[in-house]
Amino acid sequence: MKQTTRKKTLWLAVLCALFVPVVIFSYPGSPPPPSARTGGFGESTCTECHFGTALNAGGGSVSISVPDGYSSDVTYTISVTVSDPTAQRWGFELSSRTQDGRQAGTLSAGSDGFTQLIPSVGGIQYIAHTLAGTRPGTRNSVTFSFNWRAPDTSSGPVVFNAAGNAANNNNTQSGDHIYNTEVTVAPAAASGPAPAVNDLGTVNNASFTPGSTPLAPGTIAAVFGANLNDGSSNAFSSLDDDGKLLTTLGGASVTLNGIAAPIFSSFSSQLNIQIPFELSGSSTASLVVTLSGQNSAAQTVPIGPSSPGIFTIPPGGTGQGAIQIANTTIFAAPTNSISGAQSRPAAAGEIVTIYCTGLGDVTNPPGTGKLASGDPLSTTVATPQVNIGGIPAAVSFSGLAPGFVGLYQINAQVPAGVATGSAVPVVINIDGAQSNTVNLAVGSQ
């Protein structure tokens, strides 16, 4: 083992010696690629190519100036100071990560031209010096300042790793001193009241049936309570780098049996989430909302194989259903009755698309928080029964709506003989569970 280590060290020394001119003239304004030389999380440092003393043994130091604690989405100025009484040229590299090694927050360069983002490695951002930032001839110490936008406090403690290069400015890589350090910053102490979830306050987001009704994994659900987010209004969410719906929005996160729930929208009194598919087979789940390091009291949510709910316009679970003439954007509603959208009554024999949630297991499941595929389609394992105006309607498709998270659709034919009118009732039954009753308009052909 010792012989192998000596060979590796000798090989690195020879390699760096051979390429000293290339490194000096090709990368004078930043560390050479790839980055990831902060010394944190198992990374190397620049001691592999800069020869002077052992790491942290040159009589100087590197330090990181960070806030005492951080708050969600606040931008802070971070400083790295490299000190060494013998140095006359300077460099650094820094990363910010969660304790499990994921990117934490967003780094950006300062306004003085001394810092820059360099290529990311494995999804981790790195910030380093520029050519101007090396400041040749400057003695004793230099400071690099830049910006860091903090992640949501639910990310937990953030670890900053930095390596500093105190170079002697002799146009070689010999005689330089490399230092590294690590600083951890915890979320700021929580202030304000803890989040609170209403008793039986987790319901189907389409039907709003009382919370004693089981919810199926994959269902879009609403969580009602108080102080559920940081006071912001977030009507829309987005996808993370893995193509999954965010699990933190407006400072809030939700878990069911410890599984993170994707969040569609976030308000102080309501969070709209997806019940994780991982709860399949469970009869209950313990739901907890976390905000600024504070947890709500756990609430028990009943879980079942299906919990059909039909969306309505406006939301609320009653009235006009979110039902369109199939393969169009026209709602099956009285003409001109929906602001900003086209609408007309459906005719007997036409296919309509009923938008709903909670229809249970599907083939080709996309996974929690993931967009449903259109090829192949995800069809429901159980076939729903649809009644329009009290008459069974033939179902031609039942499954997840392609390109959406947690949204199901049923394509059904308006049956012959159905009564015409502006509020013809529609209801779904699947796996012994019944949806809310909504309306659609039916006219004569």
**Fill in**
Given 229-242, 115-128, the highest-first ranking by average Cβ count within 10 Å works out to 115-128, 229-242
**Message:** In whole Å, what are the extents of the chain along the principal axes defined by its C-alpha atoms, from largest to smallest?
**Reply:** 93, 48, 45
**Message:** What is the distance in Å between the Cα centroid of the range 274-299 and that of the range 240-265?
**Reply:** 11 Å
**Asked** Most mobile of S207, S44, S269 per a Gaussian network model of the chain (Cα springs, under 10 Å)?
**Response** S44
**Complete:** Taking placed amide H atoms and a strict 5 Å upper bound, the residues 5 or more places from N198 or on another chain that come that close are F224, G225, A226
**Asked** If we count every other residue with Cβ under 14 angstrom of P276's Cβ, Lys/Arg +1 and Asp/Glu -1, where does the sum land?
**Response** 0
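May I ask for the net charge around A382, where only other residues with Cβ less than 11 Å from the Cβ of A382 are counted and Lys, Arg are +1 while Asp, Glu are -1?
With Lys, Arg at +1 and Asp, Glu at -1, the neighbours total -2.
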**Fill in**
Computed ³J(HN,Hα) along the range 429-436: with the Karplus parameters 6.51/-1.76/1.60, θ = phi - 60°, integer Hz and x for glycine or proline, the list is 10, 8, 6, x, 10, 10, 7, 5
**Message:** Give me the net charge for the shell around P366: Cβ to Cβ below 14 angstrom, other residues only, Lys and Arg +1, Asp and Glu -1.
**Reply:** -2
**Request:** Starting with the highest mean, order 415-423, 167-175, 90-98, 255-263 by the number of other Cβ atoms within 10 Å, averaged over the residues of each peptide.
**Result:** 90-98, 255-263, 167-175, 415-423
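Report the relative contact order of the chain, percent, no decimals, based on alpha-carbon pairs under 8 angstrom and at least 6 residues apart.
After rounding, I find 12 percent.
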**Prompt:** Per residue, what volume in Å³ does the Cα convex hull of the range 196-302 take up?
**Reply:** 91 Å³
**Request:** Would you list the P(r) distribution for the range 69-140, with all Cα-Cα distances sorted into 10 Å bins from 0 and each bin expressed as a whole %?
**Result:** 17, 44, 29, 10, 0
**Prompt:** In sequence order, what are the phi-derived ³J(HN,Hα) couplings for the range 86-101 according to the Karplus relation 6.51 cos²θ - 1.76 cosθ + 1.60 with θ = phi - 60°, rounded to whole Hz, with x for glycine and proline?
**Reply:** 9, 8, 9, 8, 9, x, 7, 8, 9, 9, 10, 9, 6, 5, 9, x
**Asked** If packing is taken as the mean number of other Cβ atoms within 10 Å per residue, what is the order of 358-370, 275-287, highest first?
**Response** 358-370, 275-287
**Item:** Value of [θ]222 nm, deg cm²/dmol, for the chain, DSSP H segments ≥ 4, -39500 (n - 2.57) each, nearest 500
**Value:** -1500 deg cm²/dmol
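Determine the relative contact order of the range 196-302: mean sequence separation of Cα pairs under 8 Å and six or more apart, normalised by residue count, in whole percent.
Computed over the range 196-302, the figure is 30 percent.
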**Message:** Counting pairwise Cα distances across the range 73-228, what percent come out greater than 23 angstrom?
**Reply:** 55 percent
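Read-outs: derived from the displayed coordinates by stated rules, not from any lab. Just so it is clear, the model here is predicted, and its values are computed rather than measured. Glycine gets a Cβ as well: all are built from the backbone with ideal geometry, and neighbour counts include every protein chain shown.
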